[in-house]
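> Take this structure first; my questions come after.
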Amino acid sequence: MEDRSADEAEIVERARRGDAPAYADLVQRYTEMAFRTAYLVTGSAADAEDAAQDAFVKAYRALPRFRPGGSFRAWLLRIVGNEARNRRRSAGRRAALELRVAERLRVVGVDPSPEAAAMAAEDRRALLGALNRMAEEDRQVISCRYLLQLSVEETAAALDLPEGTVKSRLSRALSRLRELMEPVHG
Amino acid sequence: MAEERRLESLLTELSSELEWPPTPDLREAVMRRTSRRRGPGLVILLLAAALAATLVGGAVVTGYLGLRGASVSRVHSLPSPPATPTASAPGGVAGRLDLGTRYDSVDQAGAAAGFRPLLPASLGSPDEVYYRSQGRVVTLLYHPRAGLPATEDPEVGALVMEAPAQLAEPPFVKLVGPHSDVRPVTVKGGPGYWISGAPHAYFFYKDGYDHFRLAGNVLIWNQGELVVRIESSLPEAAVTAAARSVR
């Protein structure tokens, strides 16, 4: 992990000095994270692609202002989140995002027994159903933190919230999620 | 507390099972927009050249045919052709032809592009579908089969490429030499051109620079808000029939 961080810091520093291939490397590394974060905010793949692309361009131009030693991922995610929210506002519509499980996993499954597979599938169904019924601000914080596996710092940057707010909102959102799943787990 | 940890564990497991839209390849578009090495865009050069008969890549523009979302310029001679990529070149047909990111379905590519791609019913369902964010181009790739001979590329029977007909930055830019025939046509009420005879230069943007490849017979036309091109080895009548069957 330290190697990866050191490697990343070196690439970021090269990009700051104007090394275009180094920045292309960063774009390649973080496209998926940026695109999916933007998708969670906009609810549209096309808007998410545009937002992520604009964010990478703006980040490149803002690189001289990036603080060496800071988290490039969190810094980038703040720009991505802003672009995605702007795009969503200008589109003038609510995101109609519905989370779904990939078809291949629904069909194949990975559990050792039919009973276990059925239970896992039921858990998944209940969890997805509850997530899709949640208030958007709760769902976004849970999605960033757990489904995209962002750190608290990165989640805060992507959603433009203080880290303390992310922690308290996560705690409340998990409680609500549990309540929404209660018909299955109660 | 144990309940909360179980919920967190379930969410973490779910993260690897979710269905996400295909992640686009943004590197090329981002690097194009951030490149400081690049001079004025080729498209701008071509448009200026069309008016001023300036040299463009060694070719003197002698005439300019405008379509929404495309520029077709007549030149005395084409720029020196690049080495022809072989079928075994890295990246496969998508890499050779710079088609962008592959999608599982036309609908998915259309969602990424932000428009509904047209399908030529007479060609059937495409074998592969791609979307390239530069120019917002959706490509339907048909492999060679009976009745659809291979083009210069042995993996390609026909390419149907579609993009919004933007005036500011046309997605399709062509230079046509003296041995190609360019004939105006009308397809389903939209203006277009049938370009045949000697191959012409079809420009695209890749790895930070403008490139071109030699393209064979092409029908290109405006269909509603889109510009559509069909490249194949089919005779004009068959291509026109395919174009008229789009829906």
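> Take A:L180, B:L148 and sort them by solvent-accessible surface of the protein heavy atoms, 1.4 Å probe, largest at the top.
Numbers: A:L180 60, B:L148 5 Å².
Putting A:L180, B:L148 in descending order of accessible area: A:L180, B:L148.
> Label-point separation (nm) for A:E182 and A:R14, each offset 7 Å from Cα along Cα-to-Cβ?
Spacing of the two 7 Å Cα→Cβ label points: 5.5 nm.
> Label B:A237 and B:S105 with points 7 Å out from Cα along Cα→Cβ: what is the distance between them in nm?
The two pseudo-label positions are separated by 3.7 nm.
> If you rank B:H143, B:H179 by how much accessible surface each has, with a 1.4 Å probe, what is the order from largest down? Show your work: numbers first, answer last.
On the way: B:H143 55, B:H179 150 Å².
Result of the area sort, largest leading: B:H179, B:H143.
> Just the accessible area for B:K188, please: 1.4 Å probe, Å², rounded to the nearest 10?
100
> Efficiency by 1/(1 + (r/R0)^6): what FRET value for B:H179 and B:R6, r their Cβ-Cβ distance, R0 = 41 Å, to the nearest 0.05?
Between B:H179 and B:R6 the formula returns 0.05.
> Taking K and R as +1 and D and E as -1, what net charge do the other residues with C-beta under 15 Å from the C-beta of A:E83 add up to?
+4
> With a 1.4 Å probe and all protein chains in place, put B:W20, A:W75 in order of accessible area, largest first.
Numbers: B:W20 35, A:W75 55 Å².
Reading off the accessible areas and sorting them downward yields A:W75, B:W20.
> Amide H to amide H under 5 Å from B:V137: which residues, 5+ apart in sequence or cross-chain, H placed 1.01 Å off N in plane?
B:R132
> Taking the Cβ of B:G197 as the centre, find all other residues whose Cβ is under 11 Å away and add up their charges (Lys, Arg: +1; Asp, Glu: -1).
Details: positive: B:R183; negative: B:D181.
Taking every other residue near B:G197 into account, the sum is 0.
The values are calculated or read from the model by the stated rules, or taken from the named source; none is laboratory data. Values in this document were obtained by computation on a predicted structure and should not be read as measured data. FYI the Cβ positions are ideal-geometry reconstructions off the backbone, even for glycines, and counts take in every protein chain you see. Just the protein is used for accessible areas: all its heavy atoms, side chains included, with ligands, DNA and RNA removed. Shrake-Rupley method; radii C 1.70, N 1.55, O 1.52, S 1.80 Å.
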